[in-house]
Amino acid sequence: MNSPTAARAALTDHLFRGVRDLGVILVGRDGVITDWSIGAEAITGHAASDAVGRRLVELLLNETREPLDDVIASIDANGVHVVEGWAVRPDGTRYWIEESWSAIRGPDGVAGYAILLRDRTAEKERLEALERARATFEGILAIGADAIVCIDQDQRITFFSHGAEAIFGYSASEILGQPLDVLLPDAACEIHRSHVHHFAASGVTSRLMGERGQIYGKRKNGEIFPAEASISQLGVGDGRVYTAVLRDVTERRAAEEAIAAHSRELARSNADLEQFAYVASHDLQEPLRMVASYTTLLGRRYRGKLDADADEFIHYAVDGVTRMQALINDLLAYSRVGRKPREFTDVDMDEVLMSALQDLETAAREAGATVTADPLPVVRGDRNQLGQVMRNLLSNAFKFRGSEPPVVHVGAERDGTEYVFSVRDNGIGIAPEFAERIFAVFQRLHSRDEYPGTGIGLSICRKIVEQHGGRIWVESTGGPGSTFHFTLPASENEDR
Ligand code: ADP
């Protein structure tokens, strides 16, 4: 056993009969299998008795196998030849096999070939999984216009996506390995370092950046831009990888600022307009009152004393001035809505409906109206103003009646945090094309002779409802009947 020959024989025996995770195969110069180890049996699923006397192409890799001559040429050139590929066992399972061929040389030249077999399925699957992950990652990177930047625990840049190149103006090759500071405004570097430090200590895997204030990036040309970013951290070995996904929000910020400036301007000009309407209607009242009282006086004192024309002229003057007073009063009422600071309380809409009906008792009786209602909820609002809305809607329902006496129903339905109220009548209806117009100041669909009014009621309703954070609209097909809807926020204290 001490002689090298005996040791070699023992080793060969061990290789053929003891080792299961490495296959050993011998083939003759003609490619016919002469020996098949226990490992080759375990790996390929073919018994030695089945394999010996056949060729490898009949057992393994039969689809992708190169011709034996090519293998031999490769061994002659390189000493060994390695082949790998998917193979299938007799039981149908797939495995990734690696064959490493070398020549067995005897005194008369090449006597045959020794082949070592390894099952590399696990490794192959790992590689494929990695490849899939890489492809997924590449895919994600290719989609976004966002910058994806990875840094290591020393805050040096280890990855810089195409999006990052476009946003920052650096190419990946010039930025990799540089400290993150080059991408930040000078003033932010120190703060950023401490944030990353805290983030690392927090153990949280990902979070939005800039929660404590706006964050900014710095482009290659020195330009500072507003950004939105989130960061994640992963421990890899002893170190850490931080990945920041960053979006340039310059344009969005500019658009937001433009909208904000525009709505400030709008609010200001609205306020100016309301102020003007208020002052004008308020100051016009006094001289108008004077004109009204003197024309009325003229009418009373001189009726029948001048000629018929004079009587008629005075009548028109009185009529005109009375109308003008009504318009000015309405305008004043409209511009008063919202002039005093809002003080919202819990308002029981049942009570609001009851007192509106009391106020309108005469009108309801004259019209022969029937009013029914669901139980109404408690909402947040200004009691007087909500009373005004209810009165306006009910009086319209009585006024714009058809040939039948008015039948009116007041309802309310909960919709999330608000209530949708409805006032439904069986009156003359509203053509859908006017559904929006009727809410504008002084817009009416009828002459004064048909239905009295100034056209301010619904615009006041809209203003009040909108100041309560709600909406108001009408549903009507143009046939008989209209339903006015308005929404109001529910009270948090309501017990229904
Ligand atoms: P006014 O009642 O003084 O005319 P409003 O602003 O209250 O002013 O209403 C505007 C117009 O909307 C009315 O002139 C009328 O044409 C229409 N309208 C309002 N309510 C109803 C209703 N319930 N049915 C039919 N038409 C209505």
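Could you sort 423-430, 25-32 so that the peptide with the highest average Cβ count within 10 Å comes first and the rest follow in order?
Values: 423-430: 21.0, 25-32: 16.2.
Top of the packing list down: 423-430, 25-32.
Quote the relative contact order of segment 144-248 in percent (integer), defining contacts as alpha-carbon pairs under 8 Å separated by 6+ residues. Each step should come with its number before you reach the end.
Details: 184 pairs, mean separation 32.3, N = 105.
Here the relative contact order equals 31 percent.
For segment 310-328 and segment 213-272, what is the separation of their C-alpha centers, rounded to whole Å?
62 Å
Rounded to whole Hz and in sequence order, give me ³J(HN,Hα) for segment 51-67 from the Karplus expression 6.51 cos²θ - 1.76 cosθ + 1.60, θ = phi - 60°, writing x for Gly and Pro.
Running phi through 6.51 cos²θ - 1.76 cosθ + 1.60 with θ = phi - 60° gives 8, 4, x, 9, 9, 4, 4, 7, 10, 10, 6, 5, 8, 9, 5, 7, x Hz.
Along its principal axes, what span do the Cα atoms of the chain show, with the longest given first and each in whole Å?
Principal-axis extents of the chain (Cα, largest first): 156, 58, 45 Å.
Taking the Cα-to-Cβ direction at A440 and at T5 and moving 7 Å from each Cα, how far apart do the two end points lie in nm?
Reported label-point gap for A440 and T5 is 11.7 nm.
Using a Förster distance of 30 angstrom, determine the FRET efficiency expected from the C-beta separation of Y316 and D359, and round it to 0.05. Don't jump to the answer; show the numbers that get you there.
Numbers: r = 32 Å, r/R0 = 1.07.
It comes out at approximately 0.40.
Sequence gap at least 6, Cα distance under 8 Å: using those rules, report the relative contact order of segment 364-471 to the nearest whole percent.
Numbers: 124 pairs, mean separation 28.3, N = 108.
That works out to 26 percent.
Need one number: nm distance between label points at S403 and K220, each 7 Å from Cα along Cα→Cβ, rounded to one decimal.
Spacing of the two 7 Å Cα→Cβ label points: 8.4 nm.
Kindly provide the Kirkwood hydrodynamic radius of segment 4-120 in Å, to one decimal, from all pairs of distinct alpha carbon atoms. Could the numbers behind the result be given before it?
Values: mean 1/r = 0.0689 Å⁻¹.
Here the Kirkwood hydrodynamic radius works out to 14.5 Å.
With the dipole of the chain worked out from charges on the C-beta (+1 for Lys and Arg, -1 for Asp and Glu) around the Cα centre, which of Q285, W101, P185 lies farthest toward the positive end?
Of the candidates, Q285 comes out farthest on the positive side.
For Cα pairs less than 8 Å apart in space and 6+ apart in sequence, what is the mean separation divided by the residue count of segment 256-336, i.e. the relative contact order in percent?
Numbers: 38 pairs, mean separation 36.4, N = 81.
Relative contact order of segment 256-336: 45 percent.
Mind checking which aspartates and glutamates have their C-alpha under 18 Å from K218, skipping anything on the same chain fewer than 8 residues away?
Answer for K218, where 18 Å is the Cα cut-off: D146, E165, E174, D181, D186, E190, E228, D248, E251, listed by chain and number.
Multiply the residue separation of I75 and R300 by 0.36 nm, subtract the distance between their alpha-carbon atoms, and state the gained length in nm to one decimal. Write down the numbers at each step before the final one.
Values: separation 225, 0.36 × 225 = 81.00 nm, distance 13.16 nm.
Here the answer is 67.8 nm.
In square nanometres, what is one fourth of the surface area of the convex hull spanned by the alpha carbons of segment 268-393?
11.6 nm²
Ignoring ligands, DNA and RNA, what percent of the 1.4 Å accessible area of segment 345-489 is carbon and sulfur?
Details: 3320 of 6760 Å².
Looking at segment 345-489 in its full context, I get 49 percent from C and S.
Please compute the per residue accessible area over the chain with all protein chains in place, 1.4 Å probe, rounded to a whole number of Å².
Values: 28680 Å² over 496 residues.
I get 58 Å² per residue for this part.
Set Lys and Arg Cβ to +1 and Asp and Glu Cβ to -1, take the dipole of segment 144-248 about its Cα centre, and tell me which of C150, T205, L234 lies farthest positive.
Most positive-ward Cα: T205.
Give, in nm to one decimal, the length gained when the segment between E257 and V236 is fully stretched (0.36 nm per residue of separation minus the Cα-Cα distance). Don't skip to the answer; put the middle values down first.
On the way: separation 21, 0.36 × 21 = 7.56 nm, distance 4.22 nm.
Here the answer is 3.3 nm.
Which of the peptides 309-316, 59-66 is most tightly packed, and how do the rest follow, going by the mean number of other Cβ atoms within 10 Å of each residue? All intermediate terms of the calculation are to be shown ahead of the outcome.
Details: 309-316: 13.0, 59-66: 16.0.
Per-residue Cβ counts within 10 Å, averaged per peptide and sorted highest first, yield 59-66, 309-316.
Compute the label zone of Q467 within segment 346-383: residues whose backbone N is under 13 Å from the point 7 Å along Cα-to-Cβ.
381-383
The values are calculated or read from the model by the stated rules, or taken from the named source; none is laboratory data. Quantities reported herein were computed from a predicted structural model and do not represent experimental measurements. Note: ideal-geometry Cβ built from the backbone for every residue, glycine included; neighbour counts use all protein chains shown. We work out accessible area using only protein heavy atoms, side chains counted, and drop any ligands, DNA or RNA first. Shrake-Rupley method; radii C 1.70, N 1.55, O 1.52, S 1.80 Å.
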